[in-house]
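In what follows, a single structure is set out as structure tokens and then discussed.
The values are calculated or read from the model by the stated rules, or taken from the named source; none is laboratory data. In this text, all values refer to a predicted model and were calculated from it rather than measured experimentally. Using ideal geometry, Cβ is built from the backbone for each residue, glycine included, and neighbour counts are taken over all protein chains shown.
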Amino acid sequence: MSTADLEHPTLLPSVLLGDLRDGSRPGRSTRDWLVDLTAFLLAVVLGGALFAFAADAEDPPEWLMVLDFVAGFAACCGLWVRRRWPVGLALAIAPVTLFSSMAGVASCIALFTVAVHRPTRTVLCIAALYLAAVPVYTLLRPTDDSFWVSAVVGVLITAGLIAWGMFVRARRQLVYSLRDRAQRAEAEQELRIAQARRMERDRIAREMHDVLAHRISLVSLHAGALEYSGASSPEDVSRAAGVIRGAAHQALDDLREVIGVLREDGEPGAAPERPQPTIADLGALLEESREAGMRVRGDLDVAEGVPTSVGRNAYRVVQEGLTNARKHAPGCAVDVAVSGAPGDGLTIEVRNPLPVGGLVAQIPGAGTGIVGLTERVALGSGRLEHGPRDGAWRLWAWLPWPAS
């Protein structure tokens, strides 16, 4: 196995990812410089001590001592690149350990670095290479100690370095994992907040479309009646103007409410959101349409105890049906039927005859009322149907009403 094989990104992807997982950085920080300087000084000082001890104990040839010192010092200098090329440095030092006592500490630091930054398989390969150099060193530099003593000492030192390095690696990975988990949890929390805010704004937008469309259609209907009924009495004109003014004021209040809610930051002391309509407000809704001049026939046969969300959705269905009838079929009678009981669900039907010439909007609109209504009913696990049927335009919805 060559240095290029061990360092190749396609052969050892997990190895290359190891540096990122254990928190290493592409550039040296002040702490990294201090650690590298300490490692270099330890390798030089302790390696020099081992070199001097071996020179006294073994009395080797002069040429071997020169080669030992030069190669060992070069191995110590190589520790400055141990973060970037840990495996390459360890392989480069391995031949030097065959004869150099000066490189002993540098080889230990290189093995420790591999254990910190590389997976177990790579660490064991490098460790086996270093252990294989022990008998060769013993033959080239014989001492009074037996071969087995040197082998046991080498195995113990190697095992200790590997265990220490793998412990440091595991700890760094744990710290990185906890940091990454905290960052992902924070990001997910922000995403949930943003989604909740967007859903709330969408809900308010649907509510305000339903409310404002209803109010403005009433204003338009009364204004049209005033425009074309020139022979109306002053009392009728005054009454119609009062209705227009009341509907306009209510529309402005609704608009002011939605603008306040849709602000990015709520203002302290802002007024709370007004109560939402329920099934009990259907009678007032039908009466309001009758006062606007619509011919509305209502058949409300609903048991008591309608859930609040179900009643609110039913109210919005009827409100949208009346608004569409005013827009597309002015002057036509509208039949509203609401019935239901616990366990059977709540059924809403709004019907009006198709006007001559088809549905032509007399009052402009956004064209998204049915889309929003379909969305609302679907969110409530209900069903919605709309379209021409038996010569009339029919808006039909069913909403679940669980049995208590």
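A few notes on this one:
- For residue 301, the conditions (1) modelled with pLDDT of 90 or more; (2) in a strand (DSSP E or B) are fulfilled apart from (1).
- Residues satisfying the stated conditions in the stretch 324-351, i.e. surrounded by fewer than 24 Cβ atoms within 10 Å (Cβ to Cβ), within 22 Å of residue 217 (Cα to Cα) and out of contact with any strand residue (DSSP E or B) (no Cβ under 6 Å at 6 or more places or on another chain): 327, 328, 330, 331, 333
- Cross-chain or 6+ apart pairs with Cβ under 6 Å, the stretch 136-158 first and surrounded by 16 or more Cβ atoms within 10 Å (Cβ to Cβ), then at pLDDT below 75: 138/147; 138/150; 141/58
- Hits in the stretch 304-323 (condition: outside any helix (DSSP H, G or I) and surrounded by 20 or more Cβ atoms within 10 Å (Cβ to Cβ)): 306
- Of the set (1) surrounded by 13 or more Cβ atoms within 10 Å (Cβ to Cβ); (2) modelled with pLDDT of 80 or more, all apply to residue 128 but (1).
- Wholly within the stretch 1-74, helices (runs of 4 or more DSSP H) carrying at least 1 residues that are closer than 15 Å to residue 100 by Cβ and either modelled with pLDDT of 85 or more or in contact with a strand residue (DSSP E or B) (Cβ under 6 Å, 6 or more places away or on another chain) (or both): 30-58
- Members of the stretch 83-135 that are over 17 Å from residue 47 (Cα atoms), in contact (Cβ under 8 Å) with a residue 40 or more places away in the chain and not in a helix (DSSP H, G or I): 83, 85, 118, 119
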